[in-house]
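A short reminder: the numbers here are calculations on the coordinates, not readings from a lab. On a predicted model such as this, the values are computed, not experimentally measured, just so you know. Don't worry about glycine lacking a Cβ; one is built from the backbone with ideal geometry, like all the others, and counts go over all protein chains shown.
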Ligand SMILES: Nc1ncnc2c1ncn2[C@@H]1O[C@H](COP(=O)(O)OP(=O)(O)OP(=O)(O)O)[C@@H](O)[C@H]1O
Ligand SMILES: [Mg+2]
């Protein structure tokens, strides 16, 4: 029975049979209030990404690519829909999900190593503050 299903399934369905989704985006919508009115940036977007799958989001400027990436990163919240990373709901930023920003986001007074260490030092400070050390 499984063989019969596989023979007639799409490549995406085959991937889902072999590996559960690393990232599962289900019916995600997001709109913004702008000076000229409400902008619907994402309208019920669904996408599954398997382990080791390489995916490019391609589209015209303003079609919602960065909005989608920000939601996956946990930097923005969707108005509706869900994002699961490794089966767990994305509710905020996490170390297992990284975003490379489109704009330069470096501290120009630090070298490369200093820029990398900055976030780690901040995380250590936060952890210390939480534990009272
Ligand atoms: N914080 C915001 N406030 C108001 N409108 C926003 C905000 N963020 C995004 N938008 C609008 O949502 C739409 C999608 O923007 P987004 O930045 O996701 O597009 P994009 O596909 O990444 O574009 P680009 O290719 O230019 O980077 C655009 O119309 C944009 O103006
Ligand atoms: Mg963008």
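Over all directions, what mean area does the Cα convex hull of the stretch 20-94 project, stated in square nanometres?
5.2
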Checklist line | Within a Gaussian network of the chain (alpha carbon springs, distance under 10 Å), most fluctuating of 48, 27, 115 | finding: 115
Check: Under a GNM of the chain (C-alpha, springs under 10 Å), which listed residue has the highest mean-square fluctuation: 96, 51, 122?
Finding: 122
Note to self: At R0 = 35 Å, how high is the FRET efficiency between residue 47 and residue 116 if r is their beta carbon distance? Nearest 0.05 is fine.
What the structure shows: 0.70
Checklist line | Gain in span if fully extended, residue 79 to residue 98, counting 0.36 nm per residue against the direct Cα distance | finding: 4.7 nm
Check: For the chain, what is the calculated [θ] at 222 nm in deg cm²/dmol (nearest 500), taking -39500 (n - 2.57) for each run of four or more DSSP H residues and dividing by its residue count?
Finding: -9500 deg cm²/dmol
Next item on the list: Compute the length gained on full extension between residue 57 and residue 36: take 0.36 nm times their separation in residues and subtract their Cα-Cα distance, giving the result in nm to one decimal.
Entry: 4.9 nm
Next item on the list: Based on alpha-carbon positions alone, could you give the equivalent ellipsoid semi-axes of the stretch 77-133 from the gyration tensor, as √(5λ), descending, whole Å?
Entry: 26, 19, 9
Check: Taking Cα pairs under 8 Å and at least six residues apart, what relative contact order does the stretch 52-99 come out at, in percent?
Finding: 32
